[in-house]
Amino acid sequence: MLEIIIPGLILGGFALISASGLLVASKKFYVFEDPRIAEVNEMLPGANCGGCGFAGCLAFAEHLVKNEDTDAICPVASGEEMQKILAFLGREAAVGEKMVASLMCNGTHDNCKSQMDYAGIEDCWAATLVTDSTKACSFACIGLGSCVKACNFDAMHIENGIVVIDDEKCTGCGLCVPACPKNLLHMRPYKKYITVACYNTDRGADARKACTVACIGCLKCEKACNYDAIHVNNFLAKIDYQKCTNCGDCVTVCPTNSIIIRGQEVHVAVENV
Amino acid sequence: METTNKVEVKNRLLFMDSSPLGHVSDSTVKIMYTVCITLLPALAVSVWMFGWEAVRVIVLTSVFTIAIEAIISKMVSYKVNFMDGSALLTGILLAMNIPANSPWWMILVGALVAVILGKHVFGGLGQNIFNPALVARVFLIISFPVEMTSWPKPLVYDSTTGATPLGILKTEGLGALAGTNLTDLAIGQMGGSLGEISAIALLLGAIWLFIKKYITWEIPVMFFATVAVFAGIFHLIDPQTYASPLFHLLTGGVFLGALYMATDMVTSPMTFKGKLIFGFGCGFFTMLIRLFGSYPEGVSFAILLMNAMVPLLDSYFPDQKFGMVKNG
Amino acid sequence: MLQLKTFSRGGIHPPEEKLSAQSPIIYGDIPASILVAVDQHIGKPCKLIVEKGAAVTRGQVLAESSGFISSNVHSPVAGRIQKIARFPLLGGQVREVIQITPDNAGENLKSVIDNEPEQAVEIEKLTPDKIRKTIADAGIVGMGGAGFPTHVKLSPPDGKEIKELIINGAECEPYITADHRLMLEYAEPLVKGILILQKLFGGIPVYIGIENNKPDALQRIDEAVKNIPNVEVVPLKTKYPQGGEKQLIKAVVNREVPSKGLPMDVGVVVQNVATILAIYNAFYHKRPLMERVLTVSGNMVKDPANIMLPIGTPISYIMEKAEIDKENVGLVISGGPMMGKTSFSFESPITKTSSAILFFNNSMISKREENPCIRCGACIKACPMGLDVAQYTKMIIASVISPKAKDSILDCIECGSCSYVCPADRRLVHWMRFGKNIIRREN
């Protein structure tokens, strides 16, 4: 009997001492933390993507609670969610529009021929250490998926040599933008689905030689636009999304089909055109 | 990761890659099979000593390990090339670590432990912390003590079994070994597992590995030296109780351990100082277990212990970088 | 025989393949079209100062240096500018190129050069500033491969004293023999160039490091400097990468350039022999850097040769002259196989830094898959910088790089020794370069 009691007492004693140690420590080293931080953290989407510029959701929640920063937004949360959080903190919310990433290139293997037999590491940045671009157009999407690796939401996939973005899954966190060595990923409003899928600033003839769907800077879109929303600069068209109305006139006139309609509205829009 | 879909390119294009564009002819496969081949002399001695039973064990371990690896390769997410020689090497090393009269089911258990617990739980080739064959050996020693301590007698070719010289030393003391001839021990005429018996044959194979630079001198030399010095000190203090350093070097698994097990690339340190400490530790723990432990033999435990220290050794004793020397 | 010097740590012995070692330098013709890249150096980009359609003369500045670490680019021919456009260069980069149609296409370079006879130069009267300015104006950059502007290397900041000058004649890369032939055939001009640099630093000792696989060059240079005080030939034991600046300094004067440091931190300046010849030309012929000697070799070349060509010659021109079958070429390397860069266009022009153009067929192409690291330690043993390459590449692949590892990764000289010896075919150098890229992007 004693063989059981003695070890029991010894271990029990240890447990008691440790427990009182913990108790003292928890009282002595107690740090006050605003309980709202935990609550705001609960309300955030919890993607921990870092798209807000902070080290995860908790850090962002802490920032929101401690600072009167009305510009700080979670790119993943919808406007309503963000409003709810700010209302909880007793502040006015600036309603943000949902943004999505879009690729400024349509240089698929069919449109823009591969120019070499690249055999290095399968990463866009690694490829740029060996060559400017694996394709005929030196501005083109390399298609080795550095952005895919950066995306936390499974919104990006490589198809036929370029990255294809799922607008529904894209949360607009913007992490893919700096991940592209060719600087081809740009944010646009979710509802503005017309994009110039080209980033080539070479002269028209050179650009056309490199890729069948390159923007040649012909100015037809600029003339066709009734809203002053598209401008050609340095042989490349650029859409001003503040003014764009999704009318699709530029898409119709583009001789090289370098202006395209993104997202699931494609079919509807094309039929309307 | 399926991030690219390479297209068929019709026009042949120039090849683009990062420098360097040359490469030596060495490959993992070549290294693995070379090590297997250098083990042949030791295997030949074991066949000479134990007859067809030894052949049976070698064939069974090799077939089992390769078959298990082949099955594993279908189940895991990473790529496994079960014919790259690493599975075969694990099989042969496992054979060298068990007695010639091992029953087939024990070999199967050993092979399962070696390949799965020893290697693939860590993530496959190159990721394992412990030497797979030794993990299996230790597992078998602990699980099947009877089968793993009844060693067949050499040159008898029947079912009579006996103890290893180290076993006799442990149980009956040095006096019982009075008639032992050191030459017999060097050739391998003693009871023991398949591979550990012949020091000369093992050394013969290892010389080729030294020439090919697949193993370096640091670990074996430190291992041998530590065993010899440790045993020597005790032999000098009390020659009646403690066997001579030479006896300790030639019996048991010191040669197999120092030349093939401890020098396993995956589970040994990569830095110079790390290798020295690793070799020292292996020898030290071997002798500690042999002289004061309850097991007669300690090589496998010692090497496994030191295997666990490898990541620490590598990071605490790195090779000195260029440009860190103060120029006088 | 005295003890041959070499660097102590790491290094490998790839097959030398110096196929063109016995081929004297030949002079090429002026090709029908010259493509001069605007940026041929490391540092600030140049400023283009000519326009399409303009007529240019030989030696005219086409693009001007835009800062201290920058270098002029000159037209190697008289002719008319056809076009200015972006174009693939050797090494896979697409950059701005000036296309010139020469007036004297087909003329041999020898007759052009013979028109510019050697002029007397009074070395004693040259001031250090004058020397640096002449070198900068001539657009001279390190011609061994890096392309760092030479005048910058020759201008140590205050407080850094240069005690020795080392001339790099190691030429440790397989296949390349251009420097070897230069030393054999231009020994006297090289010595004149060396004396200018010696004057610049006030008569400091000069060591000419040459590997012992070039005994004829060793002998030739030794004879040429026999009667010159303070200039000495140092025979080196052949080992790759002896031509690496830090390794050469270690071999010759046994000092280690500190991590992240420059040769001038240990009081040394290293210059390649081809650069020295360019300096000689700048002073004695008043000729900016417009030509260079390069090795044309590889298993697709029937007669491996060393050839002097105007900078800007497209490699298709070389292929035509060397009768290389375009259909079977699978790999074009600019530089040696260890550190050279691949090229994807046959039209790419040679630049100031092209020390060799190697043509290989498909047999040289290895598309071996990366296998798991078996921790054999071969890379660590081969690394001349003493880096734990195996560990660092694993960190880079996992994109979790410890701060200590970051410093070490930036110390990598990309010599290729680790990838060369790796039995698991891991692309260690590419991963290290990728790691450097990640670290630079973070900063």
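Observations on the model:
- Some residue of segment B:248-263 being within 14 Å of chain C (Cβ to nearest Cβ), open to solvent by less than 10 Å² (accessible area, probe 1.4 Å), at pLDDT below 95 and not in a loop (DSSP other than H, G, I, E, B): no
- Check on C:Gln82, more than 30 Å from C:Lys192 (Cβ to Cβ), modelled with pLDDT of 90 or more, open to solvent by 20 Å² or more (accessible area, probe 1.4 Å) and in contact with a Leu (Cβ under 8 Å, 6 or more places away or on another chain): no
- When segment C:223-261 is filtered for residues that are more than 10 Å from chain B (Cβ to nearest Cβ) and surrounded by fewer than 16 Cβ atoms within 10 Å (Cβ to Cβ), the ones remaining, listed by number, are C:Glu223, C:Lys226, C:Asn227, C:Ile228, C:Pro229, C:Asn230, C:Glu232, C:Lys237.
- Residue match in segment A:137-158 (condition: within 11 Å of chain C (Cβ to nearest Cβ) and of a type in the set (Ser, Thr, Tyr)): yes
Yes/no matrix, rows are residues, columns are (1) open to solvent by less than 30 Å² (accessible area, probe 1.4 Å); (2) at pLDDT 90 or above:
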position: C:Pro102; (1), (2): yes, yes
position: C:Lys125; (1), (2): no, no
position: C:Lys133; (1), (2): no, yes
position: C:Val141; (1), (2): yes, yes
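- Residue list for segment C:121-136, filter: of a type in the set (D, E, K, R) and in a loop (DSSP other than H, G, I, E, B): C:Glu122
- Considering residues of segment A:142-162 that are in a loop (DSSP other than H, G, I, E, B) and under 16 Å from the mean Cα position of the chain (by Cα) only, the residue surrounded by the fewest Cβ atoms within 10 Å (Cβ to Cβ): A:Asp154
- In summary, no helices (runs of 4 or more DSSP H) completely within segment A:163-273 bear 1 or more residues that are among the acidic types (Asp, Glu), away from chain C (no Cβ under 14 Å) and in contact with a Leu (Cβ under 9 Å, 6 or more places away or on another chain).
- Selection within segment A:35-61 - open to solvent by 70 Å² or more (accessible area, probe 1.4 Å) and either closer than 14 Å to A:Leu86 by Cα or charged (D, E, K, R) (or both): A:Arg36, A:Glu39, A:Glu42
- Scan segment C:388-414 for residues that are open to solvent by 10 Å² or more (accessible area, probe 1.4 Å) and within 8 Å of chain B (Cβ to nearest Cβ) and the total you get is 3.
- Taken over segment C:199-215, the criterion of being touching a helix residue (DSSP H, G or I) at 6+ places or on another chain (Cβ under 6 Å) and surrounded by fewer than 18 Cβ atoms within 10 Å (Cβ to Cβ) is satisfied by C:Lys199 alone.
- Residue count for segment C:188-229, restricted to those that are of a type in the set (Lys, Arg), over 14 Å from C:Leu154 (Cα atoms) and in a helix (DSSP H, G or I): 2
- Residue within segment C:28-42 that is open to solvent by 30 Å² or more (accessible area, probe 1.4 Å) and at pLDDT below 90 present: yes
- Residue identified as over 18 Å from B:Asp264 (Cβ atoms) and either under 19 Å from the mean Cα position of the chain (by Cα) or open to solvent by less than 70 Å² (accessible area, probe 1.4 Å) (or both) among B:Thr226, B:Thr241: B:Thr226
- Filter pass, C:Gly340 being more than 8 Å from chain B (Cβ to nearest Cβ), in contact (Cβ under 8 Å) with a residue 60 or more places away in the chain and not basic (Lys, Arg): no
- One residue from C:Glu96, C:Glu51 being open to solvent by 30 Å² or more (accessible area, probe 1.4 Å) and over 25 Å from the mean Cα position of the chain (by Cα): C:Glu51
- In segment C:337-348, the residues that are touching a Pro at 6+ places or on another chain (Cβ under 6 Å) and of a type outside the set (Ser, Thr, Tyr): C:Pro337, C:Met338, C:Glu347
- Residue within segment C:290-305 that is surrounded by fewer than 23 Cβ atoms within 10 Å (Cβ to Cβ), over 21 Å from the mean Cα position of the chain (by Cα) and at positive phi present: no
- Residues of segment B:284-320 classified as open to solvent by 30 Å² or more (accessible area, probe 1.4 Å) and within 14 Å of chain C (Cβ to nearest Cβ), total: 8
- Summed over segment B:49-97, residues that are assigned to a loop (DSSP other than H, G, I, E, B), away from chain C (no Cβ under 14 Å) and surrounded by fewer than 23 Cβ atoms within 10 Å (Cβ to Cβ) total 1.
- The single condition from (1) part of a helix (DSSP H, G or I); (2) buried (at least 19 other Cβ atoms within 10 Å of the Cβ); (3) in contact with a helix residue (DSSP H, G or I) (Cβ under 8 Å, 6 or more places away or on another chain) that B:Gly195 fails is (1).
- Selection count, segment C:40-64, where residues are in a loop (DSSP other than H, G, I, E, B) and touching an Asp or Glu at 6+ places or on another chain (Cβ under 7 Å): 3
- Yes/no for B:Ile31 being assigned to a helix (DSSP H, G or I), more than 14 Å from chain C (Cβ to nearest Cβ) and surrounded by 19 or more Cβ atoms within 10 Å (Cβ to Cβ): no
- One residue from B:Phe122, B:Phe144, B:Phe130 being closer than 18 Å to B:Thr267 by Cα, under 21 Å from the mean Cα position of the chain (by Cα) and touching a residue at least 24 places away in the same chain (Cβ under 8 Å): B:Phe130
- If you go through segment A:173-205 and pick out every residue that is closer than 29 Å to A:Gly56 by Cβ, among the aliphatic types (A, V, I, L, M) and in contact with a helix residue (DSSP H, G or I) (Cβ under 9 Å, 6 or more places away or on another chain), you end up with 5.
- Taking the numbered list (1) surrounded by fewer than 24 Cβ atoms within 10 Å (Cβ to Cβ); (2) within 21 Å of the chain's Cα centre (by Cα); (3) within 11 Å of chain C (Cβ to nearest Cβ) in turn, A:Ser78 passes all entries but (3).
- Residues that are small (Gly, Ala, Ser) and more than 8 Å from chain B (Cβ to nearest Cβ), drawn from segment C:324-334: C:Ser334
- Residues of segment C:65-96 satisfying the condition of being assigned to a loop (DSSP other than H, G, I, E, B), within 14 Å of chain A (Cβ to nearest Cβ) and in contact (Cβ under 8 Å) with a residue 40 or more places away in the chain: C:Leu89, C:Leu90, C:Gly91, C:Gly92
- From the list C:Val38, C:Val56, C:Val94, the lone residue that is farther than 24 Å from B:Leu14 by Cβ and of a type in the set (Val, Ile, Thr) is C:Val56.
The values are calculated or read from the model by the stated rules, or taken from the named source; none is laboratory data. Computed from a prediction, not measured in an experiment: that's the story for all the values here. Glycine gets a Cβ as well: all are built from the backbone with ideal geometry, and neighbour counts include every protein chain shown. The area values use the complete protein model at the heavy-atom level, side chains included, leaving out ligands, DNA and RNA. Shrake-Rupley method; radii C 1.70, N 1.55, O 1.52, S 1.80 Å.
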